[in-house]
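The next block holds one structure in the form of structure tokens; read it before the comments.
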Amino acid sequence: MLGINRKLEELERNGEIIKVGVVGAGQMGRGMISQIESMAGMRVVATADIQIANVTNAYVKSGVSADDVVETNSVQQAAAAVKEGKVVATTDAQLVTSLPEVDVVVDATGVPDIGAKIAWDAILNRKHIVMLNVEADVTVGVILKKMADASGVVYTGSAGDEPGAIMELFDFADALGFEVVALGKGKNNPLNLNANPDTAAEEAARKGASPKMLASFQDGTKTMVEMTAVANATGFLPDKPGMHGFVSDVKGLPEIFKLKEDGGEVSNKRIVEYINGIAPGVFAIIASEKEEVNHELKYLSMGDGPNYVLYRPYHLTSLETPISIARAYIYNEATIAPWHGLQAETVTVAKIDLAAGDFLDSIGGFTVYGHILTAQEARDKNALPLGLVDKNVRLKRDIKKGEIISYDDVEQTKDSTIWRLRRMQDDTFKAEAEREISVKA
């Protein structure tokens, strides 16, 4: 965001910094800590991870002296360390979300239930919360945003994540009065609905990545989740269940997103979509009815119209998260949030034939993958949101490969934060819808 560098420099000149707490010192968390350590006006003062060595190593690699890393689960010791200019490594996520010395919390765990609890705790402690956990956001982000608004804090997704990068293009185009026809992202690899940690293991080893994470990219789940977040932020919908997954380069995008009756390949405008062939970029398809605007766009080599493409060829994931941290703290603004409520849902689909009594695993695992539907389609099918799937969810009947799993098909053996929040979200917005109907009647 323009000017944030000067705002951060001003904070530092005035002897202030934005004090950040991070939960999760994996790949995303480590990169973020190092990036922030190079910035003015901001510091990660406390980080939690189940492996405390991950936190200490992350700080040392960022340039923090090992002598300045205090390992503790004590709030009092942590507070004292921060006041002395040191940083805290802990295994207790609640220490980070409750520590008075933390201004903004970042969830970098990637686990939906853990992310939901981190956000809940941060909001209850009146701290801004930045989610690098799109899976939690698309499942319970609507209720978390409502809670954050009521508490006077910011609930936001992250700059650098593809939904955040798409949102920047949308906000730019929408502010200028363009018609935004479609929003989307590139997919890094061909769709493979059978991908699992075993099939992804070799490539994951070469890339130094988690096999589960890579499998969630390959089976399309991550793409479905990301575009669900964009749908909930903008009100745009998938053109069809699961989206099309067109193959194209950037130059071909304007033609694809013409309506079918105009020679294109889509049935609707204001849609979300993914494209094979333009990764790692994100895009917005824009148009204008104004003759002079079209003349100017053509003069600027933007194409022949009527559609034009805005393309961002990169997204820096957690390295850009500090922009969302600063925006929340300085301007009290979100980068991306479910402003339009639940517009789409990533639902749970069986990856293999499953039997009654089987437990589901999790995103990027062996048993299920995600598929985007409109929220109404998901409600009509009573479909189980993918973010609710974990090792405590057991099937009550046999499910065939490719079948959408419904709430009626499963039972919980143990309740969790994200399930409780989802029930609260569904009950809250059902009651609001009923009140609206009552008022209109």
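The values are calculated or read from the model by the stated rules, or taken from the named source; none is laboratory data. Just so it is clear, the model here is predicted, and its values are computed rather than measured. Neighbour counts run over all protein chains shown; Cβ positions are idealised from the backbone, glycine included. When the accessible area is computed, the model is the full protein with side chains, heavy atoms only, and any ligands, DNA or RNA have been set aside. Shrake-Rupley method; radii C 1.70, N 1.55, O 1.52, S 1.80 Å.
Quick notes
- Filter result for the condition that a residue is of a type outside the set (Asp, Glu), within 19 Å of residue 319 (Cβ to Cβ) and at pLDDT 95 or above, over 69, 60: 60
- Residues satisfying the stated conditions in segment 1-23, i.e. closer than 23 Å to residue 98 by Cα, touching a strand residue (DSSP E or B) at 6+ places or on another chain (Cβ under 8 Å) and not in a strand (DSSP E or B): 17
- Residue count for segment 343-364, restricted to those that are open to solvent by less than 40 Å² (accessible area, probe 1.4 Å) and farther than 30 Å from residue 199 by Cα: 0
- Residues of segment 284-316 that are among the aliphatic types (A, V, I, L, M) and closer than 30 Å to residue 161 by Cβ: 284, 285, 286, 287, 297, 300, 302, 309, 310, 316.
- Residue among 96, 104 that is open to solvent by less than 10 Å² (accessible area, probe 1.4 Å), under 20 Å from the mean Cα position of the chain (by Cα) and in contact (Cβ under 8 Å) with a residue 60 or more places away in the chain: 104
- Options 215, 229, 233: the member that is buried (at least 24 other Cβ atoms within 10 Å of the Cβ), in contact with a helix residue (DSSP H, G or I) (Cβ under 9 Å, 6 or more places away or on another chain) and modelled with pLDDT under 95: 215
- Note on segment 268-299: among residues that are part of a loop (DSSP other than H, G, I, E, B) and within 27 Å of the chain's Cα centre (by Cα), the one that is surrounded by the most Cβ atoms within 10 Å (Cβ to Cβ) is 278.
- Condition met for residue 82 (of a type outside the set (S, T, N, Q), under 18 Å from residue 59 (Cα atoms), open to solvent by less than 10 Å² (accessible area, probe 1.4 Å) and at pLDDT 95 or above): no
- Scanning segment 300-348 for residues that are farther than 29 Å from residue 252 by Cβ, outside any loop (DSSP other than H, G, I, E, B) and not small (Gly, Ala, Ser) yields 319, 321, 322, 323, 325, 327, 329, 330, 331, 345, 347, 348.
- Number of residues in segment 1-25 that are open to solvent by less than 80 Å² (accessible area, probe 1.4 Å) and free of Cβ contacts under 8 Å to residues at least 12 places away in the same chain equals 2.
- Options 274, 331, 369: the member that is farther than 19 Å from residue 241 by Cβ and among the aromatic types (Phe, Trp, Tyr): 331
- Looking only at residues of segment 117-164 that are part of a helix (DSSP H, G or I), among the small types (Gly, Ala, Ser) and open to solvent by 10 Å² or more (accessible area, probe 1.4 Å), we find that the one that is nearest to residue 99 (Cα to Cα) is 151.
- So residue 410, is it among the aliphatic types (A, V, I, L, M), more than 23 Å from the chain's Cα centre (by Cα) and within 20 Å of residue 135 (Cβ to Cβ): yes
- Whichever residue in segment 305-335 is touching a helix residue (DSSP H, G or I) at 6+ places or on another chain (Cβ under 6 Å) and open to solvent by less than 10 Å² (accessible area, probe 1.4 Å) and, among such residues, is farthest from residue 20 (Cα to Cα): 308
- Residue match in segment 400-407 (condition: farther than 24 Å from residue 272 by Cα, open to solvent by 10 Å² or more (accessible area, probe 1.4 Å), assigned to a helix (DSSP H, G or I) and out of contact with any Cys (no Cβ under 6 Å at 6 or more places or on another chain)): yes
- Test for residue 370: is it on the phi > 0 side of the Ramachandran plot and touching a strand residue (DSSP E or B) at 6+ places or on another chain (Cβ under 9 Å): no
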